[in-house]
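Down below is the structure, laid out as structure tokens.
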Amino acid sequence: MRFQEYGCLVTYDHRPMPHSNTTHWPRILVLWLCGIFAAIQFAKISFAFSPLREWYAVSPAQMGLVLSTVGMVGLVAGVTVGLYAHAIGYKRLLLGGLCLGAVLALVQSWLPPYGWFWATRVLEGASHLAVVVSAPTLIAQSCAPRHRSIAMGLWSTFVGVAFALTAAVGAAALAQFGLPGFLRLHAGGMALMALAAYALVPADPLGRVRQWHHPSAVPRQHVQIYTQWATALPGLCFSCYTIMAVALLTFLPQLAGADRGWLAVVLPLMSIAGNFCAGWLAQLWLSPLVLVRVALGAVGASALALWLASAVGFSIAPFAMALMLMAGLAGGSAFALIPFLSHEPLVQSRANGAVAQMGNLGSTLGPPLFAALIAQLGVAGLALAVVVFAGLGIGLATVGARQHSGAP
């Protein structure tokens with residue numbers, strides 16, 4: 001039965017929504033790998049930035065536009081994809097994103113003219129969003145309640161693992177296969193993940209309410225998402241993490257003097273470790289609402305310790321490692337908030353859309369802001385920015401905890 005309701009075309013089916021009382025770890029692993037290959041859409045351009053710039057004979061700014069376009073699409077359309085995900089179906093959305101990504105990576109391997117290459121990046125942004133909105137929702141559906149935070153902690157590592165994997169194999173792939181082969185490897189990986197997801201992810205259930213939002217209703221739905229704590233809080237907390245994380249990974253090694261080389265390798269691993277630990281801690285020890293505040297408090301304390309170490313002439317490397325570990329813990333706990341605040345897939349997909357949107361906002365604004373503060377104040381400027389955004393995240397999580405019934 002269909003009718004118009006609040007700007008949406010609503011389709012009702014009377015069969016119940018399936019609920020998992022067991023955890024399907026092979027499916028969760030495949031969904032995590034889908035996220036990794038989606039994140040390689042960023043990592044491959046970052047890693048091959050110089051060879052691509054030389055091939056196209058463009059300025060760093062022009063190649064920077066190619067790099068950032070996927071994130072810009074997420075910034076603009078993240079919540080919109082989250083709004084439509086439930087109606088499209090999470091498996092269909094996931095498979096569509098993976099297949100589109102495989103085709104686009106194959107087209108990129110032909111090294112088309114610069115304008116066409118950039119156009120593929122716009123579409124790749126849509127592919128990326130389809131995966132990062134649908135996959136974590138499917139992960140939550142594939143978990144027993146006792147494992148949801150652990151699984152979301154695993155999911156939260158996907159970006160860091162993607163960059164680490166690309167760094168590990170990228171040089172050999174470029175040397176052996178050149179730019180076309182390097183990009184074809186990504187196309188093959190996306191296609192392989194599409195086949196694995198098709199085999200392991202169950203079909204989208206028919207028994208649910210489907211809301212096809214009229215385009216005119218989308219702005220109002222954006223407002224609704226950001227005025228409801230279950231959908232807004234994970235994204236808002238995640239933005240406080242991403243506005244710091246990309247900048248810290250970029251600038252901490254530059255401030256570390258003789259430790260710069262090895263620290264650039266270790267810091268992403270510390271962030272990944274923090275992401276993954278967040279899931280276990282949120283499942284076994286603290287609720288995500290408590291953990292995100294503890295983690296952000298530790299982030300602020302680590303930043304102050306780093307500043308003091310720099311001021312007295314000590315090596316900042318140990319404090320930088322602690323800072324990235326705690327930052328990763330904060331980012332992972334933001335993801336763990338999604339299934340904690342709501343068990344409804346419709347709400348979770350909207351929260352995942354907000355996470356994608358706010359995460360891209362943070363990673364876009366963070367580096368230039370931190371760069372300006374570091375240029376003016378040095379290490380003190382970095383510490384100041386970290387403390388401010390950590391405090392903002394703590395404030396948001398505290399208000400959210402008070403709004404959430406039964407929250408600590």
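The values are calculated or read from the model by the stated rules, or taken from the named source; none is laboratory data. This one's a predicted model, so the numbers in the text were calculated from it and none came from an experiment. Heads up, the Cβs are rebuilt from the backbone with ideal geometry, glycines too, and the neighbour counts pull from every protein chain shown.
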Legend entry - Qualifying residue in segment 316-327 (condition: under 22 Å from the mean Cα position of the chain (by Cα), buried (at least 22 other Cβ atoms within 10 Å of the Cβ), assigned to a helix (DSSP H, G or I) and at pLDDT below 90): no
Inset, instruction - Tell me which residues, restricted to segment 269-301, are under 19 Å from Pro253 (Cβ atoms) and without any contact (Cβ under 8 Å) to a residue 60 or more places away in the chain. - result: Met270, Ala273, Gly274
Legend entry - Residue list for segment 114-143, filter: of a type in the set (S, T, N, Q) and touching a Gly at 6+ places or on another chain (Cβ under 6 Å): Ser127
Inset, instruction - Kindly indicate the residue of segment 337-383 that is buried (at least 18 other Cβ atoms within 10 Å of the Cβ) and without any contact (Cβ under 8 Å) to a residue 24 or more places away in the chain and also nearest to Val76 (Cα to Cα) among those meeting that condition. - result: Leu373
Legend entry - Failed item, numbered, when Ala247 is tested on (1) touching a Pro at 6+ places or on another chain (Cβ under 6 Å); (2) over 16 Å from Leu384 (Cα atoms); (3) among the hydrophobic types (A, V, I, L, M, F, W, C): (2)
Inset, instruction - Could you grab me the full set of residues in segment 121-165 that are at pLDDT 85 or above, of a type in the set (Ser, Thr, Tyr) and assigned to a helix (DSSP H, G or I)? - result: Ser127, Ser134, Thr137
Legend entry - Arg350 being charged (D, E, K, R) and within 25 Å of Leu83 (Cβ to Cβ): yes
Inset, instruction - Only residues that are under 19 Å from the mean Cα position of the chain (by Cα) and of a type in the set (A, V, I, L, M): list them for segment 159-208, please. - result: Val159, Val161, Ala162, Ala164, Leu165, Ala167, Met190, Met193
